[in-house]
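Working notes, structure below.
What follows draws every value from the coordinates through simple rules; no lab data is involved. Since we're looking at a predicted model, the values are computed, not measured. As a convention, Cβ positions derive from the backbone with ideal geometry for all residues, glycine included, and neighbour counts pool all protein chains shown.
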Amino acid sequence: QLQLVESGGGLVQAGGSLRLSCAASGRTFSSYAMGWFRQAPGKQRELVAVISSGGNTMYADSVKGRFTVSRDNARNTAYLQMNSVKPEDTAVYYCNAKYGGMESWGKGTLVTVSS
């Protein structure tokens, strides 16, 4: 099971960019599907983007065309590039790894978008 640590969160102005990173420990990172979720205050956690072990990607409608998920298997790291951010993107962003019956979560990184 992977251990996940997110980084890169912070305060950004609306229209700006931010890149989140998810560093994973473990030798089987490349086998895992990696996902980014977020949870805004008072709301349920929601899926933002997923990248499969083969590199296929999927995005929530709310972030399509603005966010890009990627992975670097050599560095055991997944990324979420966030462009043209909006105040409604404010949330704690969590990294998720899933493979077969195994699933791991990071502790999250806070992204705050000011208007």
Centre separation in Å (Cα based) which lies between the stretch 70-115 and the stretch 14-34:
6
Taking 84-95, 28-39 and ranking on average Cβ neighbours within 10 Å, highest first, one gets 28-39, 84-95
Residue-wise, which Karplus ³J(HN,Hα) couplings in Hz belong to the stretch 49-66, taking 6.51 cos²θ - 1.76 cosθ + 1.60, θ = phi - 60°, and x for glycine or proline?
7, 9, 10, 6, 4, x, x, 6, 10, 8, 10, 5, 4, 5, 10, 4, x, 10
Set the Förster radius R0 to 25 Å, insert the Cβ-Cβ distance between N56 and Q3 as r into 1/(1 + (r/R0)^6), and round the FRET efficiency to 0.05.
0.55
Would you mind getting the Kirkwood hydrodynamic radius of the chain from its Cα pairs, rounded to one decimal in Å?
13.9
Length gained if S31 through Q44 is fully extended, taking 0.36 nm per residue and subtracting the Cα-Cα distance, is 1.9 nm
Of all lysine pairs in the chain that are eight or more residues apart or on different chains, those with Cα atoms under 21 Å apart total 5
